[in-house]
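See below for the structure under consideration.
Quick note: the coordinates plus some simple rules give every number you see, no bench work behind them. Keep in mind that this is a model prediction, so the values were computed, not measured. Heads up, the Cβs are rebuilt from the backbone with ideal geometry, glycines too, and the neighbour counts pull from every protein chain shown.
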Amino acid sequence: MIVRRMQFLQATLFAGIFSLSANLLANDAQRFDTIEKGLEELINRLNQLDPGGLHFPSPPPDPIPVGEDPHEGKPIPVASPIEAETAYSPRPNPVRKPSLSSARDDVKRPQAESVDEFESEPLGPALNKFNLYFAYCVPNECSLGNKEVQFKSGSEFGLEYQREFLDQSYLELSWGMKSFDTTGTAGGYELTGSNSLMRFDFTLGQEWEFTDTLSILTQGSIGIATSSYEVKVPDLSYTLYDSSATSFHYAILLGLKLEWNDSWHSSLFYEFDGRSESNLMDYQSFHQFGIETGLSF
């Protein structure tokens with residue numbers, strides 16, 4: 001009885017295993033069919049992209065064997081496949097590269113007026129000037145109380161700083177020193193003495209240009225002057241007057257200016273100047289003829 005049951009269980013187990021194996025094989029067959037259909041569909045899509053189908057690179061050609069030249073008997077060098085293909089392939093038509101001159105010709109050149117707009121403006125003239133001058137001074141007569149006192153010719157030297165503007169007008173600060181002697185007679189006695197006048201002036205002037213190197217100068221100045229006068233009677237060893245005082249000073253000038261170059265200039269000038277009363281000394285005026293030179297920077 002037990003043996004029969006064992007045989008029945010074995011038969012049932014074999015039947016189950018056989019049924020399971022059959023199902024697995026059926027499922028595998030379906031999977032293979034699905035994979036095969038997927039590959040065919042992929043190949044069809046690739047053929048649609050490349051009508052000629054799939055192309056695989058062909059192997060390179062065999063190298064050219066070494067041989068002998070029958071005329072010279074020299075070995076022929078072996079050429080690689082790439083060199084052989086390059087050597088025996090027809091040369092393409094050369095492409096002419098554009099030259100620099102042709103490229104320049106193609107560029108439109110700007111008109112002369114447009115070029116001038118980009119050119120830098122030339123530098124203007126130097127606006128600062130430092131001058132040194134020397135003048136021959138001729139004093140006019142001057143009254144000392146109720147007596148007229150005469151003076152000898154003297155000299156003046158001075159320094160000037162100018163600031164020039166684009167319209168050729170200029171402002172100037174100047175310093176000058178006059179020196180002249182007393183002369184003449186009083187009551188039959190000869191008069192002597194040393195005199196000086198130091199001035200500080202503020203000047204407004206204008207240059208009138210005729211050429212690039214020649215111009216006319218006109219200017220007017222006002223300032224203060226410190227004058228010192230001495231009147232002696234040497235025969236009597238007597239000093240008639242000896243005093244210093246500060247007074248108002250003025251001057252007008254006319255000159256001819258010459259520009260040697262951009263940095264150096266000279267001028268000839270005539271100046272008429274005067275001072276107001278100085279203690280007992282009455283108003284006095286002067287004539288001056290001078291030369292001036294200076295530097296521009």
Per its Cα gyration tensor (rounded if a/c is under 1.5, else prolate when a/b beats b/c, else oblate), the stretch 140-297 is best filed as prolate
So which of LYS147/LYS178; LYS147/LYS257; LYS129/LYS232 end up more than 32 Å apart by C-alpha? LYS147/LYS257; LYS129/LYS232
For a quick check of your reading of the filter: which chymotrypsin sites (Phe, Trp or Tyr not before Pro) in the stretch 180-255 sit in a DSSP loop and have no more than 14 other Cβ atoms within 10 Å? PHE210
Please compute the net charge surrounding ASP282, taking Lys and Arg as +1 and Asp and Glu as -1 over other residues with Cβ under 12 Å from its Cβ. -1
Mind sorting LEU42, LEU159 by how few other Cβ atoms lie within 10 Å of their own Cβ, fewest first? LEU42, LEU159
